[in-house]
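First comes the structure, then the notes that go with it.
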Amino acid sequence: MSTLLRKAVMALTGLFLCVFLVVHLGGNLILVLPPTDAQPLFNAYGELLSQSLLIKGVAWGLYAAMVAHILDGFWIAALNRRAAGPRAQVDRRRALSPWYSRQMALLGTLILVFLVVHMRDFWFVYTFGEVPVDAAGKRDLYTVVVTAFQAEWYVLLHLFAFIALGFHLLHGVFSAAQTLGLHHPRLQRVARLAGILFSTTITAGFCAVALVVHLQH
């Protein structure tokens, strides 16, 4: 696969994952409602995600996009390191680009580690573990989540991970726009602004959910 094609796959899978983040944040915002309202709604949301064949199909597409994005990310990062050239060129690149654009592989690795922890504690437990049931007889994912977020260290882990995600998105959205052909200066300004707004919204939203759930319980 050529470098150009790999970058295109990286951009398209990244944009698909951005759509997932919006949907996931929308579902998680249920958690900031008063507990008496949040519990039945969030458990119904969890049941929908686990039982709908359409959503299961989308989930497998999401997993495939995630794997492709990660593998291409590491491949491109290795290629960039080999092509960095002499120390003077590296220093010049540092002077011209923000630090997070040079640390996409590191930020991506931190996010990957967080995803493993996150899926182990919620997806794996909900799918294969023993989960209590609520008053309506639904599997009580709400209680699993709020119990986890009672621990301060767990909240701090999520805050750190979503800040790393924010910086990853800040560069990723703009880079994807360039890869997909938005080279006009005006379009690049729009893409950069979109990246700032999107990364800030996603980071603030997920951080707010973690803090509100912790403080409520």
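The values are calculated or read from the model by the stated rules, or taken from the named source; none is laboratory data. As the structure is a prediction and not an experimental result, all values here were calculated from the model. For neighbour counting, all protein chains shown are included, and Cβ atoms are generated from backbone atoms with ideal geometry for every residue, glycine included. The accessibility values were calculated without ligands, DNA or RNA, using every heavy atom of the protein model including side chains. Shrake-Rupley method; radii C 1.70, N 1.55, O 1.52, S 1.80 Å.
Being modelled with pLDDT under 85 and among the aliphatic types (A, V, I, L, M) is the filter here; which residues of region 178-193 pass it? Within region 178-193, Leu180, Leu182, Leu187 qualify. Note on region 19-38: among residues that are under 20 Å from Asp72 (Cα atoms) and touching a helix residue (DSSP H, G or I) at 6+ places or on another chain (Cβ under 7 Å), the one that is least open to solvent (accessible area, probe 1.4 Å) is Leu21.
Here's the yes/no breakdown for (1) modelled with pLDDT under 90; (2) among the aromatic types (Phe, Trp, Tyr); (3) out of contact with any helix residue (DSSP H, G or I) (no Cβ under 6 Å at 6 or more places or on another chain); (4) open to solvent by less than 80 Å² (accessible area, probe 1.4 Å):
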position: Ala65; (1), (2), (3), (4): no, no, no, yes
position: Ala88; (1), (2), (3), (4): yes, no, yes, yes
position: Arg102; (1), (2), (3), (4): yes, no, yes, yes
position: Leu110; (1), (2), (3), (4): no, no, no, yes
position: Val113; (1), (2), (3), (4): no, no, yes, no
position: Met119; (1), (2), (3), (4): no, no, yes, yes
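Restricted to helices (runs of 4 or more DSSP H) entirely inside region 111-208, those with at least 3 residues that are of a type in the set (A, V, I, L, M, F, W, C) and out of contact with any Leu (no Cβ under 6 Å at 6 or more places or on another chain) are 141-148, 152-179. Can you confirm whether region 67-84 contains a residue that is farther than 30 Å from Tyr142 by Cβ, out of contact with any strand residue (DSSP E or B) (no Cβ under 8 Å at 6 or more places or on another chain), outside any helix (DSSP H, G or I) and at pLDDT below 80? Looking through region 67-84, at least one residue is farther than 30 Å from Tyr142 by Cβ, out of contact with any strand residue (DSSP E or B) (no Cβ under 8 Å at 6 or more places or on another chain), outside any helix (DSSP H, G or I) and at pLDDT below 80. Please identify the pairs in which a residue from region 105-126 that is touching a residue at least 12 places away in the same chain (Cβ under 8 Å) has its Cβ atom under 7 Å from the Cβ atom of a residue that is surrounded by 16 or more Cβ atoms within 10 Å (Cβ to Cβ) and not in a helix (DSSP H, G or I), counting only partners at least 6 apart or on another chain. If the second residue must be surrounded by 16 or more Cβ atoms within 10 Å (Cβ to Cβ) and not in a helix (DSSP H, G or I), the pairs left are Val125/Val131; Tyr126/Arg139. Among the residues of region 21-45, the one identified as touching a residue at least 40 places away in the same chain (Cβ under 8 Å), small (Gly, Ala, Ser) and within 20 Å of His217 (Cα to Cα) is Ala38.
Check Gly181, Gly172 and return the single one that is of a type outside the set (A, V, I, L, M), under 19 Å from Leu15 (Cβ atoms), out of contact with any strand residue (DSSP E or B) (no Cβ under 9 Å at 6 or more places or on another chain) and surrounded by fewer than 19 Cβ atoms within 10 Å (Cβ to Cβ). Write out each step before concluding.
Values: Gly172 fails: surrounded by fewer than 19 Cβ atoms within 10 Å (Cβ to Cβ).
Result of the check over Gly181, Gly172: Gly181.
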